[in-house]
C-alpha cells in the first residue's frame with residue numbers, strides 16, 4: 001500500500017512539474033511569436049464571446065436563487081437590509097470567479113482540448129514543427145493569453161448579472177426596497193473584495209486553460225488510447241482536472257486572502 | 001565536384017526506432033544523394049513513414065543518427081552559426097504528410113502562406129506573390145478562400161503540395177503523396193514532383209507504394225524490409241538485381257495476373273495473403 005501511495009504521489013508531483021513547464025513555455029513562447037494578435041483575437045472570441053450567453057444565464061439564476069434564499073434567512077433575524085452585501089460579497093468573492101471558471105471550462109476548455117487533440121491526431125502539430133513554427137507560440141500562447149483577458153471579464157459579467165438577479169428576487173418578487181439593496185452593496189463592497197475576485201479569475205483562467213491545452217496537446221501520449229478515443233479521454237480528463245483544480249485553487253487563495 | 005557536394009545531403013547511420021518492445025527500424029543506413037529523387041518502397045507496415053519522420057526529426061530515434069550535410073541532427077548538435085542543427089535543417093526542408101496535415105481553421109491561402117509568414121522574414125508583397133504562384137501551379141487559384149474541409153481529397157493533396165513547395169526548400173520529404181488519388185491524379189502528382197524537382201533543384205525523398213510511377217520518376221530506389229534497407233540503387237539496378245525480396249516486389253503485377261488466373265481455375269487463395 002505504501003508503495004502504491006508513493007508511486008501515486010510521485011506521479012502527481014511529476015505531472016504538476018510537467019504542467020508547470022508546459023505553462024511557462026506556453027507564456028514564454030508568446031515572445032517573438034508572429035501575428036499573435038490575430039490568433040489572440042480568435043481565442044478571445046472563442047473563449048469569451050461564445051461563452052457569454054452561458055455566463056449570463058448561469059449568473060442571473062445564481063443571483064435569483066441567492067437573493068431568494070438569503071432574503072428568507074435574513075428576514076427571520078430582522079436583517080433583510082443586509083441582503084445586498086450578502087449577495088454582492090458572496091458573488092464577488094466566491095461564486096462569480098468559481099462558477100464562471102467552471103462554465104468556461106465546460107464550454108471553451110473542452111472545445112479547445114478537443115481541437116488541440118484533433119490537431120495532434122491529424123499531424124497538424126507535427127506539420128507546424130516541420131515548417132519551423134513553434135507549436136507552443138502558435139497554438140498554446142494565444143489561448144493562455146486569451147484566458148487572462150476572458151476570465152476576469154466573464155467573472156465581472158457574472159457578478160453584474162448575479163447582482164441583478166439578487167435585486168430581481170429581493171426587490172421585484174419580494175418586498176425589499178431597491179434603494180436599500182443597491183446602497184448597502186455600494187457601502188459594503190471594498191477594493192480588496194474586487195482584487196480578490198480578480199486574482200481568483202486570473203489564477204483560475206491560467207490554471208484551467210493550461211490544463212486543457214496540456215491535455216489536448218499531449219492527447220497522443222497521455223491517455224493510453226489512440227485516435228478519437230484519445231481525444232475523448234483527453235477532453236474528459238481536462239474538464240475533470242480543471243474543475244478540481246479551480247476548486248482547490250479557490251480554497252488556497254481564499255485561505256491566503258481571508 | 002566541390003568537396004561539399006560529395007557529402008550526401010541527408011543520410012542515416014544505423015538508425016533504430018522502437019515503439020515499446022516492437023522494433024520498427026532495426027538498423028537503417030541510407031544516403032540521399034543531393035539534387036536527386038529517392039523513392040523508399042516496401043510493404044505496408046515496414047516503417048517507411050516512421051523512417052521519414054525520423055529523418056524530419058518529428059520522431060526521436062532510439063539509436064543511430066540522422067546526418068544533414070554530414071552533421072548529426074539533434075538538440076545536442078549545434079551548427080556552425082550556433083543555432084540548433086535541427087531548426088536549421090527545418091528551415092531548408094519541407095514535409096508532405098500522408099494525411100496532408102492542413103490546418104483546418106485556415107483557408108487554402110492562409111495554409112500556403114503559413115510557413116512564409118511564421119518562419120521567414122519575407123515582406124508581405126513577396127509572400128503574396130509566392131502564394132499566388134504556388135496556388136496557380138497547383139490549379140487552386142479559384143479555391144484560395146475555401147477551407148480544407150470544403151475540398152476534395154485530391155485538392156487537399158495539391159494544397160499540401162503547394163504548402164510544401166512554397167518555401168522553395170532544398171529537400172522535400174513526401175509521405176505517400178499519391179495516397180487516395182485516382183490514377184490520373186497519381187501520375188500528375190509524380191510528374192509535378194519530377195517537374196518541380198528539375199525546376200527548383202531540390203532533393204526529394206518519396207515514400208510510396210506506387211512502384212511503376214516511382215520507377216518512372218525517381219533517380220534512386222531504396223527497399224525497406226524488416227527494419228533494414230534491403231536494396232538501394234538506381235531503377236536499372238532494381239530491374240536487374242536477383243534479390244528474391246526485390247524480385248517479389250518488382251514482379252508483383254505479373255504475380256497478381258498469375259494469382260487471378262489460378263483463382264479463376266479454382267485454386268485456393270495464396271498463403272501470404274493475410
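For segment B:168-182, a residue qualifies if it is closer than 19 Å to residue B:116 by Cα and crowded, with 23+ Cβ neighbours inside 10 Å, and the qualifying residues are B:172, B:173. Restricting segment B:197-212 to residues that are farther than 18 Å from residue B:235 by Cβ and over 14 Å from the mean Cα position of the chain (by Cα) leaves a set whose member that is surrounded by the most Cβ atoms within 10 Å (Cβ to Cβ) is B:200.
Can you confirm whether segment A:34-51 contains a residue that is over 20 Å from residue A:110 (Cα atoms), at pLDDT below 95 and outside any helix (DSSP H, G or I)? Yes, some residue in segment A:34-51 is over 20 Å from residue A:110 (Cα atoms), at pLDDT below 95 and outside any helix (DSSP H, G or I).
Name every residue in segment A:150-192 that is outside any helix (DSSP H, G or I) and either touching a residue at least 40 places away in the same chain (Cβ under 8 Å) or touching a helix residue (DSSP H, G or I) at 6+ places or on another chain (Cβ under 8 Å) (or both), in order of residue number. The answer is A:174, A:176, A:177, A:189.
Residues that are touching a residue at least 60 places away in the same chain (Cβ under 8 Å), surrounded by fewer than 22 Cβ atoms within 10 Å (Cβ to Cβ) and within 14 Å of another protein chain (Cβ to nearest Cβ) within segment A:103-124 comprise A:111, A:114, A:115, A:118, A:121, listed in sequence order.
Evaluate segment A:129-141: report whether one residue or more is away from every other protein chain (no Cβ under 14 Å) and either at pLDDT 95 or above or touching a helix residue (DSSP H, G or I) at 6+ places or on another chain (Cβ under 9 Å) (or both). Yes: segment A:129-141 contains one or more residues that are away from every other protein chain (no Cβ under 14 Å) and either at pLDDT 95 or above or touching a helix residue (DSSP H, G or I) at 6+ places or on another chain (Cβ under 9 Å) (or both). Of the helices (runs of 4 or more DSSP H) lying entirely inside segment B:17-130, those containing at least 3 residues that are within 11 Å of chain A (Cβ to nearest Cβ) and at pLDDT below 90 span B:85-91. Does at least one position in segment A:193-201 carry a residue that is over 17 Å from the mean Cα position of the chain (by Cα) and touching a residue at least 40 places away in the same chain (Cβ under 8 Å)? Yes, the conditions are met somewhere in segment A:193-201. Checked against the criteria, residue A:97 does not count as within 14 Å of chain B (Cβ to nearest Cβ), in contact with a helix residue (DSSP H, G or I) (Cβ under 7 Å, 6 or more places away or on another chain) and at negative phi. Would you check if there is a residue in segment A:56-77 being over 17 Å from the mean Cα position of the chain (by Cα), outside any helix (DSSP H, G or I) and under 29 Å from residue A:165 (Cα atoms)? The answer is yes, given that some residue of segment A:56-77 is over 17 Å from the mean Cα position of the chain (by Cα), outside any helix (DSSP H, G or I) and under 29 Å from residue A:165 (Cα atoms).
Among the residues making up segment A:209-258, a single one is on the phi > 0 side of the Ramachandran plot and part of a loop (DSSP other than H, G, I, E, B): A:224.
The values are calculated or read from the model by the stated rules, or taken from the named source; none is laboratory data. All values reported here derive from a predicted model rather than from experimental measurement. Note that each Cβ is placed from the backbone with ideal geometry, even for glycine, and that neighbours are counted across all protein chains shown.
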